[in-house]
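The values are calculated or read from the model by the stated rules, or taken from the named source; none is laboratory data. Owing to the predicted nature of the structure, the values given are computational and were not obtained by experimental measurement. Using ideal geometry, Cβ is built from the backbone for each residue, glycine included, and neighbour counts are taken over all protein chains shown. Quick note on the areas: whole protein, heavy atoms, side chains included, nothing else; ligands and nucleic acids left out. Shrake-Rupley method; radii C 1.70, N 1.55, O 1.52, S 1.80 Å.
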Amino acid sequence: MSNYHIKHLEEYYQVYRKSIREPENFWEEIAEEHFIWRKKWDKVLEWDFSKPEIKWFQGAQLNITENCLDRHLATRANKTAIIFEPNNPDEPAEHISYLQLYQRVNQFANVLKSKGIKKGDRVCIYVPMIPELAIATLACARIGAVHSVVFAGFSSTALATRINDCDCKLVVTADGSYRGAKTIDLKGIVDEALDSCPGVESVLVVKRIDSEITMKEGRDFWLQPLLDNASTEGEAEVMDAEDPLFILYTSGSTGQPKGMVHTTAGYMVYTAYTFKNVFQYREKDVYWCTADIGWITGHSYIVYGPLANGATTILFEGVPSYPDFGRFWEVIEKHKVNQFYTAPTAIRALAKQGPELVEKYDLSSLKVLGSVGEPINEEAWHWYNDNVGKRKSPIVDTWWQTETGGIMITPIPYVTPTRPTYATLPFIGIQPALMDATGTELKGNQVEGRLCIKFPWPSMARTIWGNHQRYKETYFSAYDGMYFTGDGALRDEVGYYRITGRVDDVIIVSGHNLGTAPIEDAINEHPAVAESAIVGFPHDVKGNALYGYVILKDFGETRDQDNLRKEINQIISEHIGPIAKLDKIQFTTGLPKTRSGKIMRRILRKIAHNDLSTLGDISTLLNPEVVEDITKNRLE
Ligand code: 6R9
């Protein structure tokens, strides 16, 4: 088990140094010892960031599902692979063993084949968080079809764009989905989307809510009868290391979403290795990541990473607020969850409710808490640490991206001492660099700049589907020979990294570069503030001035608003300096967010600029209705 499971800080530094000095030997050993291959590689790594071209384990052959399923059958056939926890707490949870998962994936794979799907074909999966979502994903991988999972909350326009961009031949969906107290007519959305998707030949429909839907003759098929007639056995397609495994769309700052392409071997090795270490997963643990499989977090850390380690992973259909805000804690108690991985936006929403609901449940099983998706502000970090982890479970603040495939900067729990708001140290094999605006690398500690990565890692995206030029321009053109993340970061006196936010969110006020995250952090320290977002707007004297959107906690709403504004600016002055004080503070009930919880500053910026004509497609937002509300109450 050499180097596979890191257990103390000295070992981290030792393994880290080795992974940097001899990356090829390092990754070769991990790949060799912990995975099964149909054929080993001829060359571990070949790369050229100027093209850019990155190839890991070239010449190797494998199937990722043999690593996630078949190889566990000898020792873990009856171990639970997936615990399905339904939206409605009264509906029983379902425990799917490794053997059952293997059989269900084969059945699904055989159905896909019967519909003419072959290696290399693209399949769109638009399914809510039910077992069939994970099963469909793995079934594609089993037969070498490229899956494109689209979050089953996106609009028909967003769905159609994604189906057409990569020419999907088949769509998997459900009649409908549950979301808290609501049901959503998924099949209706698919039907609308498919009006503009001539390339789709078949649609497989899972029955989930048993609603009346229309089935188009010859195109639409109920899944269950097809599964019932399909064999539970099936040969896995032999894939080359660099064959595409999936496409996942991430929103670009402008227009067309980017279809990030991830390939097979490197993605498998890196997600499995990070999962094992970042969550310190042990054989009997129950792991829960609350993300949706429609996001990269779900791909890498609900499905592939956990299953490649033979872990038990929870698939949760519900939302944190249904039937009440105690739902997460109830699930942790019920399934004795050991590792819990969620997003700052969820933590803040739950913290807003006060501690009573958390205290009601037994959370003593928890060993590791994770955070991902955006910078976690200090207040949320402490709330999570005190109330959920009871100061006993380290928080891993994991920084990474759809493009990176796996976790890049993170503490290793019980190994790396944590520090609130710091993602801390690069993971094994990751070589970060901070760059200044002129393209010079900032060496040493106590520096702040733009975060780049100098050397390839196995799970990096290889291209943007159908647009390699855009891939090159977006990620490899800003700094010569480096992957540019788009994020800003600082490195403190001990070498810990703190992500300061997207670089395009940096605002220059009177010549000072101000990152949004530290200012928002300061605002959120005010006891009446639940959440905030700041953007810049043009100012005659300062160049830009700051406009803040602030959500108050319930009791804050009764307070005098002008006083609150003064107090907020006082806190900012103390934490950052008077330069960062806000010129305008608008109190609001919500902030426009992506479905994965990221604040859409682009929209807030437009509102602050009073540029309302080009807000763009807001239908993919979690809460499009707040846009109107904010616009109406905008401060002149
Ligand atoms: C995994 C995921 C990527 C962007 C990334 C950064 C932000 C993610 C973060 C974080 C600070 C963290 N981000 N994790 N910022 N601290 N721990 O979220 O992928 O949806 O592609 O977003 O999210 O700005 O560049 P994705």
#### Entry: Pairs from Lys284/Lys360; Lys118/Lys598; Lys119/Lys258; Lys182/Lys352 whose Cα-Cα separation, in the structure shown, is over 30 Å
Lys118/Lys598
### Query
Classify segment 419-563: rounded, prolate or oblate, from the alpha-carbon gyration tensor (a ≥ b ≥ c, eigenvalue square roots; a/c under 1.5 rounded; otherwise prolate if a/b is larger than b/c)?
prolate
### Query
Beyond 16 Å, what percent of the Cα pairs of segment 518-563 remain?
46
#### Entry: Glu212 versus Ile20: modelled label distance in nm, points set 7 Å from Cα along the beta carbon direction
6.6
### Summary
Rounded to 0.05, the calculated FRET efficiency for the beta carbons of Glu356 and Glu46 at R₀ = 56 Å is 0.50
### Query
Which of rounded, prolate, oblate describes segment 230-331, given a ≥ b ≥ c as roots of the alpha-carbon gyration tensor eigenvalues and a/c under 1.5 marking rounded, otherwise prolate only if a/b is larger than b/c?
oblate
### Query
When all alpha-carbon pairs of segment 409-462 are counted, what percent fall beyond 19 Å?
40
#### Entry: Principal axis box of the chain, alpha-carbon based, largest edge first, Å
69, 59, 50
#### Entry: Restricting segment 172-239 to trypsin sites (Lys or Arg not before Pro) in coil, as DSSP defines it, with at most 15 other Cβ within 10 Å
Lys207, Lys216, Arg219
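Which value, in Å², gives the accessible area per residue of the chain when a 1.4 Å probe is used on the protein heavy atoms?
Ligands and nucleic acids excluded, the figure is 37 Å² per residue.
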### Task
Quick one: Debye curve from the alpha-carbon atoms of segment 63-172 only, equal weights, vacuum; give me log10 I(q)/I(0) at q = 0.10, 0.22 Å⁻¹ to two decimals.
-0.32, -1.17
#### Entry: Net charge contributed by nearby residues that have their C-beta within less than 12 Å of Glu636 (K/R +1, D/E -1)
+1
### Message
Compute the distance from the alpha-carbon center of segment 361-417 to that of segment 449-525, in whole Å.
### Response
21
### Task
Compare the peptides 577-585, 106-114, 66-74 by average per-residue count of other Cβ atoms within 10 angstrom and give them in order, highest first.
106-114, 66-74, 577-585
### Query
Using 7 Å Cα-to-Cβ label points, what is the Ser196/Asn610 separation (nm, one decimal)?
3.3
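Using the Kirkwood radius over Cα pairs, work out the Stokes-Einstein diffusion coefficient for segment 340-380 at 4 °C and 1.567 mPa s, in µm²/s as a whole number.
Reported coefficient: 115 µm²/s.
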### Task
Rank by packing, highest mean first: peptides 477-486, 302-311, 558-567, with packing defined as the count of other Cβ atoms within 10 Å averaged across residues.
302-311, 477-486, 558-567
### Task
Output the peptides 16-23, 275-282, 434-441 sorted from most to least packed, where packing is the average of other Cβ atoms within 10 Å over each peptide's residues.
275-282, 16-23, 434-441
### Query
Regarding segment 456-524, what is the average projected area of its C-alpha convex hull, in nm²?
7.3
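Can you run the Rg to Rh ratio on segment 264-314? Use alpha carbon positions and the Kirkwood inverse-distance Rh.
0.93
Once a ≥ b ≥ c are taken as the square roots of the eigenvalues of the Cα gyration tensor of segment 55-100, is the result rounded (a/c under 1.5), prolate (a/b larger than b/c) or oblate (a/b not larger than b/c)?
Oblate.
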### Message
Ratio of alpha-carbon Rg to the 2.2 N^0.38 Å globular estimate for segment 573-636, to two decimals, please.
### Response
1.23
### Other-chain or far-sequence residues with amide H under 5 Å of Leu366's (modelled H)
none
### Message
If amide hydrogens are placed 1.01 Å from N in the peptide plane, which non-local residues have theirs closer than 5 Å to the one on Ala545?
### Response
Phe537, His539
### Message
Go through the cysteines of the chain and tell me which have no other cysteine Cβ under 4.7 Å away.
### Response
Cys68, Cys140, Cys166, Cys197, Cys289, Cys452
### Message
Can you give me the % of accessible surface on the chain that is carbon or sulfur? Probe 1.4 Å, all protein chains present, nothing else counted.
### Response
48
#### Entry: Compactness of segment 483-564 as Cα Rg over 2.2 N^0.38 Å, two decimals
1.29
### Message
When 1/r is averaged over all different Cα pairs and the result inverted, which Kirkwood radius in Å belongs to segment 77-116?
### Response
11.5
### Query
What do you get for Rg/Rh over segment 140-244 if you use C-alpha atoms and the Kirkwood form of Rh?
0.99
### Message
Given the options Met129, Gln58, Cys166, identify the residue whose Cα lies farthest towards the positive end of the charge dipole of the chain (+1 on Cβ of Lys, Arg; -1 on Cβ of Asp, Glu).
### Response
Gln58
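Can you give me the convex hull volume of the Cα atoms of segment 339-426, divided per residue and expressed in Å³?
About 85 Å³ per residue, rounded to a whole number.
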## Note on the structure
Cα-based Rg/(2.2 N^0.38 Å) for segment 502-636, rounded to two decimals, is 1.00
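Quickly estimate the mean residue ellipticity at 222 nm for the chain, helices only: each DSSP H run with n ≥ 4 gives -39500 (n - 2.57), and the total goes over all residues, rounded to 500.
One gets -8000 deg cm²/dmol as the mean residue ellipticity at 222 nm.
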#### Entry: Evaluated at q = 0.12, 0.16, 0.23 Å⁻¹: base-10 log I(q)/I(0), Debye formula over Cα of segment 1-116
-0.72, -1.00, -1.20
